[in-house]
Amino acid sequence: QVQLVQSGPEVKKPGASVKVSCKTSGYTFPNYSITWVRQAPGQGLEWMAWINVYNGNTNYTQNFQGRVTMTTDTSTTTAYLELRNLRSDDTAVYYCARIRYYDSSFDYWGQGTRVTVSS
Amino acid sequence: DIQMTQSPSTLSASVGDRVTVTCRASQPISTWLAWYQQKPGKAPKLLIYTASSLHSGVPSRFSGSGSGTEFTLTISGLQPDDFATYYCQHYKSLPWTFGQGTKVEIK
């Protein structure tokens, strides 16, 4: 079955960087794009970015341009999200999700990674 | 950017009720809309894609309708497992955006 398993919680200081991993299984990794969504405490869902695993093309929402990098490792079927220059308002749960092949809805999600930014 | 607005923000209902959540887009999005269910401390789950198609494994009491700018999610016969927060999301064009969520509470 399709599974996305994310790395564990992180605590970082302002200005630091964090790299979250998303290990996938149960499907052909290059055939599906991966997206990242975050959720601040008590808040709604915020779409961040997506990566075409097949060709490496990426797109980031304006809020994260210049601070976010997404990569993939096809040998381990793992996707990564790196967020730099962390601020306190980056404290959130970060989710990876697979993008459906025939449209762009998010059909399978990771369990989430809590990132806390605090001095 | 396309803005998505859900109503109501909170909905109180009883088991067995028929429940409707509305989502409005700030500009036409055809049927490029999905609905997700999220329970506290858990990842969202896809319920509906392309406005009215039921995702695999989702109970048939969930249905979606609409096109253009107005969409609805209906739960026909609310079950105890359905008390959760529901989000709509468009994917007509980048950036993709979510509605603010509708919490379905026990009455």
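Quick notes on this structure:
- Within segment B:78-99, the set of residues being away from every other protein chain (no Cβ under 14 Å) and open to solvent by 50 Å² or more (accessible area, probe 1.4 Å) comprises B:Gln79, B:Pro80, B:Asp81.
- Of the candidates A:Ala79, A:Ala97, the single residue that is over 22 Å from A:Pro14 (Cβ atoms), part of a strand (DSSP E or B) and more than 11 Å from chain B (Cβ to nearest Cβ) is A:Ala79.
- Screening the candidates B:Ile75, B:Ile48 for the property of being in contact with a strand residue (DSSP E or B) (Cβ under 6 Å, 6 or more places away or on another chain) and within 14 Å of chain A (Cβ to nearest Cβ) yields one hit, B:Ile48.
- The set of residues from segment A:25-36 being open to solvent by less than 10 Å² (accessible area, probe 1.4 Å) and away from chain B (no Cβ under 14 Å) comprises just one member, A:Phe29.
- Residue match in segment B:100-107 (condition: part of a strand (DSSP E or B), open to solvent by 30 Å² or more (accessible area, probe 1.4 Å) and either among the β-branched types (Val, Ile, Thr) or closer than 13 Å to B:Ile48 by Cα (or both)): yes
- Residues that are outside any loop (DSSP other than H, G, I, E, B), free of Cβ contacts under 8 Å to residues at least 12 places away in the same chain and of a type in the set (Ser, Thr, Tyr), drawn from segment B:10-60: B:Ser53
- Of the set (1) open to solvent by less than 20 Å² (accessible area, probe 1.4 Å); (2) touching a residue at least 12 places away in the same chain (Cβ under 8 Å); (3) within 14 Å of chain B (Cβ to nearest Cβ); (4) not in a strand (DSSP E or B), all apply to A:Leu86 but (3).
- On the stretch given as segment B:6-21, residues that are open to solvent by 30 Å² or more (accessible area, probe 1.4 Å) and more than 12 Å from chain A (Cβ to nearest Cβ) total 10.
- Residue check for A:Gly110: within 14 Å of chain B (Cβ to nearest Cβ), open to solvent by less than 40 Å² (accessible area, probe 1.4 Å) and among the small types (Gly, Ala, Ser): yes
Residues are listed down the side, and each one gets a yes or a no for (1) under 21 Å from B:Phe98 (Cα atoms); (2) buried (at least 17 other Cβ atoms within 10 Å of the Cβ):
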site	(1), (2)
A:Arg38	yes, yes
A:Glu46	yes, yes
A:Val53	no, yes
A:Asn59	yes, no
A:Val68	yes, yes
A:Val93	yes, yes
A:Cys96	yes, yes
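The values are calculated or read from the model by the stated rules, or taken from the named source; none is laboratory data. Quick caveat, the model's predicted, so the values are computed rather than measured. Virtual Cβ from ideal backbone geometry, glycine too; neighbours counted across all protein chains shown. Keep in mind that these areas ignore ligands, DNA and RNA; they rest on the heavy atoms of the full protein, side chains included. Shrake-Rupley method; radii C 1.70, N 1.55, O 1.52, S 1.80 Å.
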